[in-house]
């Protein structure tokens, strides 16, 4: 199973309580925050529930490396991280905390803008499959 990248697109205002809770639990607490997971059955259900408020899709290895390099936040600031090694460990199923990383990434709003009210392919909400990589690159 490939790694899935989930980026929150819409903000706090006027959200259904259930959806808000789901976003909160999956650590997407602010706009343009992003998580990369190997989804379990439960997490896939959570993504389904949030799909009107997030963009998600399969992330490539090289893009994930860039993301960790540029936007990965250390828990223990003294240690350095090696993005390649981290990617391999994550694929084996290790948790971010074990690798001294916070389990989410804070991104910039995307360059050249997005249509945040519409679903993919017209806008950015929902399932992007491979195209998520381009969006992540624009947000680094």
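What the table shows:
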read-out: Cα-projected label distance for residue 16 with residue 58, points at 7 Å along beta-carbon direction, nm; value: 2.8
read-out: On Cα atoms only, tilt of 61-71 relative to the major axis of the chain in degrees; value: 90
read-out: In range of the label at residue 42: residues from segment 1-26 whose backbone nitrogen is under 15 Å from the point 7 Å along Cα→Cβ; value: 22-26
read-out: Segment 32-97 and segment 101-123: distance between their alpha carbon centers, rounded to Å; value: 15
read-out: Modelled FRET efficiency - R0 25 Å, residue 32 with residue 97, Cβ distances, 0.05 increments; value: 0.65
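Read the figures in this text as sums done on the coordinates, not as results from a lab. Just so it is clear, the structure is predicted and the values come from calculations on it, not from any experiment. Methodologically, a virtual Cβ is constructed for each residue, glycine included, from the backbone with ideal geometry; neighbour enumeration extends over all protein chains shown.
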